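All remarks here apply to the structure that follows.
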Amino acid sequence: MPRVIKHPELRREDILDHAQALFVTQGYDRASLNDVIASAGISKGAFYHYFPSKEALLEALADRFARQALAGVQGIVDDPGLGPLGRLNGLLSQSRQAKIETAAEAWALFETMFRQENLVLFHRINLAASASFSPLLVKIIRQGVEDGTFRTFDPEGVADIVMQFGLATHDVVAKAIAGGSDADMEIAIEVLEKRVRLYEIALDRILGLPDGSIRIGEPGYIRTVMTARRKADKAG
């Protein structure tokens, strides 16, 4: 059989596809780099040309998830029929929906990030997501400041705060995963639901809005995302 020559970007995406399939079915820790290389049908040298490590592979998958989510919200950001508040809530709503739809797969890929020894990896992956979404948040917030919807002297700082919300909940999620019991999960869900309400109020105050203007969560959202992996495991 003649060797198939692929464009470098197509080859890179192909490797990511094979890695994602293996990590979802076997788990990130159990699927080795050799498994990925064999599945993709490439040499070790070809693999290392694109990815220097297994962690870099996971980072690239996280970046791809972020870019796919970004494509889903671009229409909301550019919608001339929405004001800045509508765009911000639309962005948050679309982000919630994307997390719900991909929750089981995302847990299978990224659950390992919540182990204490992988804290650096967790931060690196969140930086990748922040790099994608922060510019959109800044754009919306600036528009709101210009038309008087929002009151803040630092749109970039507000965007940073929004992106920090996910980092701030790391320990809560990590404890639930480490505990492993239904009781641990229920405690985590309760804490996270309260934390989301707190973040909504904080963001309202930071932007000079009445309480209840910003919606980061919705009824049942936290529970759906947090329990998606277990439900998928039971169904499998």
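A few comments on the model shown:
- Modelled FRET efficiency - R0 30 Å, T224 with S32, Cβ distances, 0.05 increments: 0.40
- For T224, the accessible area of its heavy atoms, probed at 1.4 Å with every protein chain present, is near 60 square angstrom.
- Evaluated over region 36-94, the Cα radius of gyration and Dmax, each in Å: 18.0, 51
- Label-to-label distance, nm, for residues given as A131 and T25 (7 Å Cα→Cβ offset): 3.1 nm
- Ranking L61, V172, I161 by how far each Cα lies toward the positive end of the dipole of region 54-234 (charges on Cβ) leaves L61 at the top.
- Here is how the number arises for the chain: DSSP H runs of 4 or more residues each give -39500 (n - 2.57), the sum is divided by the residue count, and the result at 222 nm is -25500 deg cm²/dmol.
- Note on A71 and E156: the extension gain reaches 28.5 nm, defined as 0.36 nm multiplied by sequence separation minus the Cα-Cα distance.
- Net charge dipole size for region 111-236 [Lys, Arg +1 and Asp, Glu -1 on Cβ; Debye, nearest 20]: 260 debye
- Of the options [x] 0.94; [y] 1.08; [z] 1.01, only one is Rg/Rh (Cα atoms, Kirkwood Rh) as computed from these coordinates, and that is [z].
- Figure legend: label point modelled 7 angstrom from the Cα of K54 along Cα→Cβ; residues of region 19-38 with amide N under 12 Å from it are 23, 27-37.
- Maximal additional length on extending the E101-I187 stretch stands at 28.6 nm, based on 0.36 nm per residue less the C-alpha distance.
- Selected from A228, H123, A46, residue furthest toward positive end of dipole (the chain; charges at beta carbon): A46
- Dividing the Cα radius of gyration of region 128-226 by 2.2 N^0.38 Å, with N the residue count, gives 1.22.
- Percent accessible area from carbon and sulfur atoms, the chain, protein chains only, probe 1.4 Å: 56 percent
- Using a probe of 1.4 angstrom and keeping all protein chains present, the accessible surface of the chain works out to 53 square angstrom per residue.
- Free of any trypsin sites (Lys or Arg not before Pro) that DSSP assigns to a loop and that have at most 13 other C-beta atoms within 10 Å, the longest stretch within the chain is 31-150.
- Long pairs among K44/K99; K99/K139; K139/K175; K54/K99; K54/K194, criterion Cα-Cα beyond 27 Å: K44/K99; K139/K175; K54/K194
- Extended-chain gain in nm, criterion 0.36 nm per residue less alpha-carbon gap, K194 and A46: 48.5 nm
The values are calculated or read from the model by the stated rules, or taken from the named source; none is laboratory data. Given the structure is predicted, the values throughout are model-derived calculations rather than measurements. Methodologically, a virtual Cβ is constructed for each residue, glycine included, from the backbone with ideal geometry; neighbour enumeration extends over all protein chains shown. Areas reflect the complete protein model, heavy atoms only, side chains present, ligands, DNA and RNA absent. Shrake-Rupley method; radii C 1.70, N 1.55, O 1.52, S 1.80 Å.
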